[in-house]
Amino acid sequence: RLDVLGLHEFDSVRKRMSVVIRFPSGAVKVLVKGADTTMFSILRKDHKSHHNIQNVTLSHLNEYSSEGLRTLVVAARDLTGEELEEWQFMYEEASTSLTDRSAKLRQTASLIECNLTLLGASAIEDKLQEGVPEAIESLRQAGMKVWVLTGDKQETAISIGMSCKLLTSDMQRIIINGTSENECKRLLFDAKIKYGINSASCNQISTCQRDAENGYLEASASMQSSNLPEPHAGEEGVSDGPLALIIDGNSLVYILEKDLETELFDLATSCRAVICCRVAPLQKAGIVDLIKSRTDDMTLAIGDGANDVSMIQMADVGVGLCGQEGRQAVMASDFAMGQFRFLKRLLLVHGHWNYQRVGYLVLYNFYRNAVFVFMLFWYYSFSFWPAFFCMVSGQQGVLFPLKRKEETIH
């Protein structure tokens with residue numbers, strides 16, 4: 001039996017989770033699990049053999065990710081008596097704080113989540129539900145743009161995109177993996193130049209025509225002839241095939257917080273498929289807000305876990321899937337369903353019927369109000385004297401007595 005002394009839950013900033021436990025022998029350790037991008041930066045680097053283990057683990061992670069497995073890195077560290085006392089004092093103070101509790105808990109976690117010893121990596125298979133590829137294909141044929149926002153590694157995200165038929169072999173992939181603002185800006189600009197993507201502003205989006213068959217935006221002839229940048233010498237010309245954008249969370253850190261949102265929007269809306277990997281929950285909501293703020297399109301967010309709650313709440317319509325990830329997404333969504341394939345019937349069948357009913361209701365209310373107002377207008381315009389003698393009021397709709405109430409009582 002192990003004694004749990006404290007727990008630091010997962011958050012979108014740290015991207016890891018840690019627990020402090022006491023073993024029956026009296027030793028106290030902190031066990032940490034998280035994504036490889038955040039775990040390898042807090043590992044100890046003072047031993048050569050440990051560095052070799054990291055290289056072997058990285059090769060294993062790449063191998064697991066290429067097979068479509070979801071990976072995690074596990075590390076640990078022994079805590080001394082002084083470190084344990086200092087951590088317990090800060091942990092109790094942060095847990096009972098009434099202001100900035102999250103920031104204080106994050107600062108307390110950074111005290112022990114450092115100089116860790118790598119234990120290994122785990123990989124599990126996350127199978128797609130039945131009917132997911134067919135549902136995605138039906139939604140794309142209906143003219144919907146499908147984006148995938150996931151926290152998995154890039155290789156895992158690409159493998160999942162291939163299995164659900166979001167990515168095809170004929171697509172040209174644009175991969176944005178930047179480590180600085182200047183590098184992200186250069187990658188975005190080079191991709192737009194290479195594939196001849198126009199820098200359309202918000203008022204130019206309305207002039208674009210959505211191709212329901214191909215699923216990407218086609219600029220009008222005037223925009224294509226006048227505003228397209230010319231490719232540099234030695235680069236490929238304007239591509240006629242479908243494009244797929246693959247971008248990681250590190251690049252989104254510089255893009256969503258800087259002046260590169262317009263460049264990302266132009267590039268993403270010109271692609272047939274968009275996959276964002278290694279993204280935090282707040283970044284998912286930021287991407288949805290990027291589309292909402294720059295277009296008039298309706299946004300639909302679908303998620304099954306607690307890390308999708310912010311995205312579901314930010315979108316116009318949120319759908320939560322009941323599964324092994326808990327019910328946090330279901331509680332925050334507008335619609336809940338058991339499997340992803342039910343979304344096809346919800347949108348394409350019931351959504352179409354609801355659109356028809358709302359259209360009929362709007363027309364009914366318009367003509368009903370028009371008839372009511374026209375009758376009153378005709379009555380008061382052409383029948384003034386009958387209305388005056390009858391004492392009919394169009395505001396209250398009742399017959400007033402000729403005598404006041406006080407006179408009737410007397």
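The values are calculated or read from the model by the stated rules, or taken from the named source; none is laboratory data. Not measured: the values here are computed from a predicted model. Reconstructed Cβ throughout: ideal geometry from the backbone, glycine too, with neighbour counts over all protein chains shown. All accessible areas refer to the heavy atoms of the entire protein, side chains included, with ligands and DNA or RNA removed. Shrake-Rupley method; radii C 1.70, N 1.55, O 1.52, S 1.80 Å.
So, with a 1.4 angstrom probe, what is the percent of accessible area on the stretch 110-163 that is carbon and sulfur? Walk me through the numbers before you get to the answer.
On the way: 1330 of 2580 Å².
Within the stretch 110-163, the accessible surface is 51 percent carbon and sulfur.
In square angstrom, rounded to the nearest 10, how much accessible surface does ASP126 have for a 1.4 Å probe?
Here the accessible area works out near 80 Å².
Could you state how much accessible area LYS344 has, in square angstrom rounded to the nearest 10, with a 1.4 Å probe and all protein chains kept in place?
Approximately 90 Å² of LYS344 is accessible to the 1.4 Å probe.
What residues qualify as long-range amide H neighbours of ASP334, i.e. H under 5 Å apart, gap of 5 or more or another chain, H built at 1.01 Å from N?
GLY318, VAL319, GLY320
Run the accessible area of the stretch 238-293 with a 1.4 Å probe and give the carbon-and-sulfur part as a rounded percent.
Values: 830 of 1830 Å².
Roughly 45 percent of what the probe reaches on the stretch 238-293 is carbon or sulfur.
Give me the percent of the accessible area of the stretch 15-83 that comes from carbon and sulfur atoms, probe 1.4 Å, all protein chains in place.
Details: 2030 of 3620 Å².
Of the solvent-accessible surface of the stretch 15-83, carbon and sulfur hold 56 percent.
Relative to the Cα centre, what is the charge dipole magnitude of the stretch 84-162, using +1 at the beta carbon of each Lys and Arg, -1 at the beta carbon of each Asp and Glu, and rounding to the nearest 20 debye?
Details: 7 positive and 13 negative charges, 72 e Å.
Charge dipole, the stretch 84-162, about its Cα centre: 340 debye, nearest 20.
Amide H to amide H under 5 Å from ILE246: which residues, 5+ apart in sequence or cross-chain, H placed 1.01 Å off N in plane?
For ILE246, whose amide H was placed from the backbone, the distant partners under 5 Å are ILE174, ILE175, ILE176, ILE275.
Can you check what the net charge comes to around PHE340, using other residues whose Cβ is under 15 Å from the Cβ of PHE340 (Lys, Arg +1; Asp, Glu -1)? Please report the intermediate quantities before stating the final value.
On the way: positive: LYS127, ARG140, LYS165, ARG341, LYS344, ARG345; negative: ASP126, GLU130, GLU134, GLU137, ASP304, ASP308, GLU325.
Net of charged neighbours comes to -1.
Evaluate the charge dipole of the stretch 271-339 about its Cα centre and quote only its size in Debye, nearest 20, assuming +1 on the Cβ of each Lys and Arg and -1 on the Cβ of each Asp and Glu.
220
For the stretch 6-130, with every protein chain kept in place, what is the accessible area per residue (1.4 Å probe, Å²)?
Numbers: 7320 Å² over 125 residues.
Value for the stretch 6-130: 59 Å² per residue.
Say the cut-off is 32 Å between C-alpha atoms; which of LYS15/LYS185; LYS194/LYS258; LYS127/LYS185; LYS104/LYS127 go over it?
Numbers: LYS15/LYS185 25 Å; LYS194/LYS258 23 Å; LYS127/LYS185 36 Å; LYS104/LYS127 38 Å.
Pairs exceeding 32 Å: LYS127/LYS185; LYS104/LYS127.
Quick check: with the 1.4 Å probe, what order do TYR367, TYR64 take by accessible area, largest first?
Largest to smallest exposure gives the sequence TYR367, TYR64.
Ranked from the most accessible area to the least, with a 1.4 Å probe and all protein chains present, what is the order of TRP147, TRP87?
On the way: TRP147 70, TRP87 0 Å².
From most accessible down to least: TRP147, TRP87.
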